[in-house]
Amino acid sequence: MKIKSLFMLLLLFPLLSIGKGKSSISGEDFKNLNLDYPGLEKVKSLVASKKYETAAKTLLAYYKQRNNIKHPDYNPEDRAKFSGKPLSKDNQEKADKGLEHLFFVHKGYGFIDYGKDINWQHWPIKDNEIRWQLHRTYWWLPMGLAYWSSGDEKYAKEWTLQYLDWIKKNPLGLSKENDRFAWRALEVATRVQDQTAMFNIFISSPYFTPEFLMAFLNNYNKHADYILNNYSDKGNHLLFEAQRMIYAGAFFPEFKDAAKWRKSGIDILNTEIKKQIYADGMQFELSPNYHTAAINIFLKALRMTQLANLDSEFPQSFKDTIEEMIMAQVNFSFPDYTYPMFSDAKLEDKSGMLKNYKDWLKVFPGNKIIQYYATDGKKGETPKFLSHALKDGGFYSFRNSWKDTATVMVLKASPPAFWHSQPDNGTFDLWVKGRNFMPDAGAYVYGGDAEILKLRNWYRQTRVHKTLTLNNQNLDTCDAKLIRWNTSENLDVLVYKNPSYKNLDHYRTVMFVNKKYFIIFDSAVGSATGNIGVHFQLAENNEPVYNLKENSVATTYKDGNNLIIRNFNTGKAKFTKEEGKVSYSYRKEANRPAFAFEQDKKDAKEVNFATVLYPFSGNQAPKIDFKEEAGNDPQAGKIHFSLFIDGKKQIIKHQF
């Protein structure tokens, strides 16, 4: 044990000596730099003369004076904007607790104590996100901003100590487990991006010594080189990594491989924007959160290349596609800027989305629709259409207005996606006059040990989404095929088919009638037998009234903005209460009303359901009856039924 400890001490001696009076700088520290880069002539001469300490001091002076390389967010001259001004309570707390090694690694868990001698392998709850996000060091930026705000060198001192401690205790190859978390490409890329800001914020500190500079640059080069050889295979991780390699190459052009880093990122994004973005603007993971993230990834990359005068490397089609993505975002969002929590998405607040639209408007100043959302409706204009189909991504929006008084349903009937996508084809949110009556369940957690995965898998169940199941089992397949999409003044219709289970297809028809209410026809078609259920869930903040005799459920909000759901298969469909939960943010959940209408499928005959979703004003739900008329066959484009609202008959007849 003593021999092993001595060996580790010898390995770490160069890092331990930084800032302790004995220089560890050698010629090796300059090997990754292009000393022929303009401005480094003196550094090159000193290195050639083996005056390494003086060369490092000269290099530090160069970086302190460098003004031709701009950062998108934090440049040395921005310090004045923060100096003497208080930080947000949230950022100040993260900075101050970070000094005590109480790190804010994930908002689902708050602050975690990593000990006086930081234990980077500490894993108090076996959620993978804790280990991964620890190595994203999210508390370092608040420490940097606290330094700028207060001028107190304690933040700079502690940051340099933590930075060197991370290098010392997380060498690549330490263990398979540690590499899995500390050196996953996404975490490496996060550090590559964020440490450009740290560099600009802390470089003026006396604790940012020449020895520290060389340790920083060597570590940074190792990070960028690692990503270059370990990109993720696909998805948003690959996009994040590519975008951050552009940051690396553009912010540190003094590295020998800087051009290679930039080119790899640009090439990947030019390729992936064609692979990952459908023609309708939807990102192929079909998660609204990651769709938003992808927009920002592409625009961050574009912005960084603009700052480096390299934006010509992106063709006009690159910008055009991003604009299509923003238009898709508009279409699947509600008037309050939120959107469904499909596929691991979390609830976004209006302030966050307003900031996004303001940033997007800078790139697309001529887009009046983006301007409308960037100015909270004060300028610009809404889209010319109402209900709209994103047919490639399979997101269908029914709406009667773009205003806060609108009725909006967003339904997902999509092609196959992957990890973040849930087995939920057919599910939807219904938003009326500022209230999401039927929010998606969300995700709660991502991944970890068996206990964490059990929590995750509850939210992934098909039966906790607003769609059809066989024996309450998860869908075998999500690969919806559009049969019909038609919009008109008084009737919008969606018909699709999903091969949900072996020998069982789910046909769903959604009709938005008179821009006011919805009729949903569900058909289970095929030779499979068992219990067929159509499931519904309501928001958590209301106790509805259940009418078991009529198979109806009505909300009871005191403000009079309410909804009644009634199934019309009386005598055939059984009403069943179910367990219901919703998670708007990580590790936070609430119980909510959930129920299903169920029928036994005993043979190859199809089983059908007819359900109305009727928003109403007041505290007394209307009495609603339904009659299917002769020739009603939505799948074939023939609509014919009667609806009775408090005895008043409406005939809905249409043929496509």
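The values are calculated or read from the model by the stated rules, or taken from the named source; none is laboratory data. Computed from a predicted model, the values in this text were never measured in an experiment. Reconstructed Cβ throughout: ideal geometry from the backbone, glycine too, with neighbour counts over all protein chains shown. The accessibility values were calculated without ligands, DNA or RNA, using every heavy atom of the protein model including side chains. Shrake-Rupley method; radii C 1.70, N 1.55, O 1.52, S 1.80 Å.
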Near ASP440, within a Cβ-to-Cβ distance under 9 Å, what is the net charge of the other residues, with Lys and Arg +1 and Asp and Glu -1?
0
Check which residues have an amide H placed less than 5 Å from PHE616's amide H, if you skip close sequence neighbours.
ASN562, LEU563, ILE564
At a 1.4 Å probe radius, carbon and sulfur cover how many percent of the accessible area of segment 394-468?
54
When the Cα centres of segment 590-620 and segment 512-529 are compared, how far apart do they sit, in Å?
10
What are the ³J(HN,Hα) couplings of segment 228-236, residue after residue, when phi is run through the Karplus curve with 6.51, -1.76, 1.60 and θ = phi - 60°? Round to Hz, x for glycine and proline.
3, 9, 9, 4, 5, 6, 6, x, 5
With a 1.4 Å probe and all protein chains kept in place, how much accessible area does GLU324 have, in Å² rounded to the nearest 10?
90
Counting each DSSP H run of 4 or more residues in the chain as -39500 (n - 2.57), what helix-only mean residue ellipticity at 222 nm follows after dividing by all residues, to the nearest 500 deg cm²/dmol?
-11500 deg cm²/dmol
Expected unfolding gain across PHE644-LYS502 under the 0.36 nm per residue rule, minus the alpha-carbon gap, is 47.4 nm
With x for Gly and Pro, the residue-by-residue ³J(HN,Hα) of segment 469-474, computed from phi through the Karplus equation 6.51 cos²θ - 1.76 cosθ + 1.60 at θ = phi - 60° and given in whole Hz, is 10, 10, 6, 6, 8, 5
If each K or R counts +1 and each D or E counts -1, the residues other than LEU643 whose Cβ falls under 12 Å of its Cβ total +3
Among the listed pairs LYS274/LYS588; LYS31/LYS70; LYS126/LYS263; LYS107/LYS169; LYS497/LYS605, give every one whose C-alpha distance is greater than 28 Å.
LYS274/LYS588; LYS126/LYS263
Unsatisfied cross-links (Cα-Cα over 28 Å) in the set LYS403/LYS558; LYS222/LYS350; LYS577/LYS638:
LYS222/LYS350; LYS577/LYS638
So for segment 40-187, averaging the separation of alpha carbon pairs under 8 Å that are six or more residues apart and normalising by length, what relative contact order in percent results?
21
Residue-count net charge about GLU629 - beta-carbon cut-off 14 Å; Lys, Arg +1, Asp, Glu -1
+1
Around ASP280, which amide H atoms from residues at least 5 apart in sequence, or from another chain, sit under 5 Å from its own amide H, with H modelled in the peptide plane?
ASP392, GLY393
Once the piece of chain linking LYS256 and ILE651 is laid out straight, how much longer is it, given 0.36 nm per residue of separation minus the C-alpha distance between them?
134.8 nm
Solvent-accessible heavy-atom area per residue, rounded to whole Å², over the chain at 1.4 Å:
42
Keeping the other protein chains in place, figure out the carbon and sulfur percent of the accessible area of segment 144-275, with a 1.4 Å probe.
50
Would you grab the residues whose amide H sits under 5 Å from the one on LEU33? Only those 5+ places off in sequence or on another chain, please, with H modelled 1.01 Å from N.
LYS256
At 1.4 Å probe size, put PHE332, PHE284 in order of accessible surface, largest to smallest.
PHE284, PHE332
Ignoring ligands, DNA and RNA, what percent of the 1.4 Å accessible area of segment 549-656 is carbon and sulfur?
46
Taking the Cα centroid of segment 371-445 and of segment 459-488, what is the distance between the two, rounded to the nearest whole Å?
16
Sorted largest first, the Cα spans of segment 258-374 on the principal axes come out in Å as 42, 29, 23
For segment 500-640, just the Cα atoms, rotate onto the principal axes and tell me the three extents in Å, largest first.
44, 37, 28
Per residue and in Å³, how big is the convex hull formed by the alpha-carbon atoms of segment 152-284?
122
How far, in nm, would the chain grow between LYS89 and SER488 when pulled straight, counting 0.36 nm per residue and subtracting the alpha carbon separation?
138.6 nm
Output row, site LYS577, 7 Å Cα→C-beta label point, backbone N cut-off 19 Å, window segment 457-495, residues 464-465
Taking θ = phi - 60°, what integer Hz values does the Karplus form 6.51 cos²θ - 1.76 cosθ + 1.60 yield along segment 610-623, in sequence order, with x for Gly and Pro?
10, 9, 10, 10, 10, x, 9, 9, x, 10, 10, 5, x, 8
Compute the separation of the alpha-carbon centres of segment 150-217 and segment 233-281 and state it in Å as a whole number.
22
Relative to 2.2 N^0.38 Å, what does the C-alpha radius of gyration of the chain come to as a ratio? Two decimals please.
1.11
Just need log10 I(q)/I(0) for segment 34-123 at q = 0.26 Å⁻¹, Debye formula, equal scatterers on the alpha-carbon atoms, no solvent, rounded to two decimals.
-1.21
